[in-house]
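The values are calculated or read from the model by the stated rules, or taken from the named source; none is laboratory data. These numbers were taken from a predicted model, which means no experiment stands behind them. Because the Cβ atoms are built from the backbone with ideal geometry, glycine has one as well, and the counts that use them run over all protein chains shown. All accessible areas refer to the heavy atoms of the entire protein, side chains included, with ligands and DNA or RNA removed. Shrake-Rupley method; radii C 1.70, N 1.55, O 1.52, S 1.80 Å.
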Amino acid sequence: MNKEKFFRLLISHSILIFMAVLIIYPLLWTVGASFNPGNSLISTSMIPKNPTLDHYRQLFAGSESLQYVHWYLNSIKISFFTMIGTVISVSFTAYAFSRFRFKGRKNALTLFLLLQMIPQFSALIALFVLAQILGMMNSHWLLILLYIGGLIPLNTYLMKGYMDSIPMDLDESAKIDGASNTRIFLQIIMPLSRPMIAVVAMTGFTGPLGDFVLASTILRSPEYYTLPIGLYNLVNDVMGASFTTFAAGAILISIPIAVIFIMLQKHFVSGLTAGGTKG
């Protein structure tokens, strides 16, 4: 191995190790804090001297001020239906933009890119007024629709690019055999697009699960809170802030994300040729 190659590998591995430390170190502190006794972070350590499960028990105690299980179920509900709605809507729009040529197609794609440049919080006042006019304050379904609408532009553009890489010859061969556009979409394009569908599903699930700004604008009553709003209230109280309980609740948020990732990870690298042959 020559010196140039050695130094390239050394720099690459050093960057990877540095990034891994930046990611893992805060997680280790959060896990450690969740097992430390007390409520303050000042006396906590990464490796607790007297580890305790009291904070986890407190989360599931079901007190009126800490409805953690209820907030957890609200978050899972919103994230699940957002994921389903996003996958369905993005698949249809991406297929239309990829396989059909219609008036305004290029302008619509440009508009999708421009929409990504507008920050979410710039529309909060309009969304708040809209929710009041519709009488849908504290509505999970309105929040789900807003999440789906926000995820459509970028994900459509990404999936459209992926579908463009699928040869048109497959569509033409299917049409010769008498297949309709719907059958081509369901039996050819969708199976071949499995890796990108998995990515869209992952972003559709994790996005709402970690959102605070939009959720706190629409959801105002504690029984409708999602996890980010409920956990924020644990550290928002100056006199009664409980950072260690917050850490325990934050650790449990990662469980559904890990489950979804494990379920979808095989599709990230497979499905590229599934359904590409005629039987």
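Is it true that some residue in the range 221-233 is among the β-branched types (Val, Ile, Thr) and within 21 Å of SER98 (Cβ to Cβ)?
There is no residue in the range 221-233 that is among the β-branched types (Val, Ile, Thr) and within 21 Å of SER98 (Cβ to Cβ).
What about ALA198, is it touching a Ser or Thr at 6+ places or on another chain (Cβ under 7 Å), open to solvent by less than 10 Å² (accessible area, probe 1.4 Å) and closer than 30 Å to ILE251 by Cα?
For ALA198, the condition - touching a Ser or Thr at 6+ places or on another chain (Cβ under 7 Å), open to solvent by less than 10 Å² (accessible area, probe 1.4 Å) and closer than 30 Å to ILE251 by Cα - is not met.
Here's the yes/no breakdown for (1) touching a residue at least 40 places away in the same chain (Cβ under 8 Å); (2) hydroxyl-bearing (Ser, Thr, Tyr); (3) surrounded by fewer than 11 Cβ atoms within 10 Å (Cβ to Cβ):
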{"position": "SER91", "(1), (2), (3)": "yes, yes, no"}
{"position": "LYS103", "(1), (2), (3)": "no, no, yes"}
{"position": "GLY135", "(1), (2), (3)": "no, no, yes"}
{"position": "ILE152", "(1), (2), (3)": "yes, no, no"}
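Among (1) open to solvent by 50 Å² or more (accessible area, probe 1.4 Å); (2) touching a residue at least 40 places away in the same chain (Cβ under 8 Å); (3) assigned to a helix (DSSP H, G or I), where does ARG220 come up short?
Failing condition for ARG220: (3).
Write out, first by first residue and then by second, each pair whose Cβ atoms fall under 7 Å of each other, whose residues are 6+ apart or on separate chains, and whose first residue, in the range 235-262, is more than 18 Å from PHE212 (Cβ to Cβ) while the second is open to solvent by less than 40 Å² (accessible area, probe 1.4 Å) and at pLDDT 85 or above.
Within 7 Å, the pairs are ILE260/MET202; ILE260/PHE205; PHE261/MET202.
Residues are listed down the side, and each one gets a yes or a no for (1) closer than 26 Å to ILE144 by Cα; (2) modelled with pLDDT of 85 or more; (3) open to solvent by 20 Å² or more (accessible area, probe 1.4 Å); (4) among the small types (Gly, Ala, Ser):
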residue: LEU231; (1), (2), (3), (4): yes, no, no, no
residue: ASP237; (1), (2), (3), (4): no, no, yes, no
residue: GLY240; (1), (2), (3), (4): no, no, yes, yes
residue: LEU252; (1), (2), (3), (4): yes, yes, yes, no
residue: PRO256; (1), (2), (3), (4): yes, yes, no, no
residue: LEU264; (1), (2), (3), (4): yes, no, yes, no
residue: LEU272; (1), (2), (3), (4): no, no, yes, no
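Look through THR30, THR110, THR93 and report the one residue that is in contact with a helix residue (DSSP H, G or I) (Cβ under 6 Å, 6 or more places away or on another chain), of a type in the set (Val, Ile, Thr) and closer than 30 Å to GLY149 by Cα.
Only one candidate passes the filter, namely THR93.
Which residues, counting only those in the range 73-121, are modelled with pLDDT of 90 or more and more than 17 Å from LEU158 (Cα to Cα)?
Of everything in the range 73-121, those that are modelled with pLDDT of 90 or more and more than 17 Å from LEU158 (Cα to Cα) turn out to be LEU73, ASN74, SER75, ILE76, LYS77, ILE78, SER79, PHE80, PHE81, THR82, ILE84.
Take the conditions open to solvent by less than 40 Å² (accessible area, probe 1.4 Å), within 29 Å of MET196 (Cβ to Cβ) and of a type outside the set (Ser, Thr, Tyr) and apply them to PHE112. Does it pass?
Yes, satisfied.
Of all the residues that make up the range 165-187, how many are assigned to a helix (DSSP H, G or I), farther than 27 Å from PHE261 by Cβ and of a type outside the set (S, T, N, Q)?
Residues flagged as assigned to a helix (DSSP H, G or I), farther than 27 Å from PHE261 by Cβ and of a type outside the set (S, T, N, Q) within the range 165-187 amount to 10.
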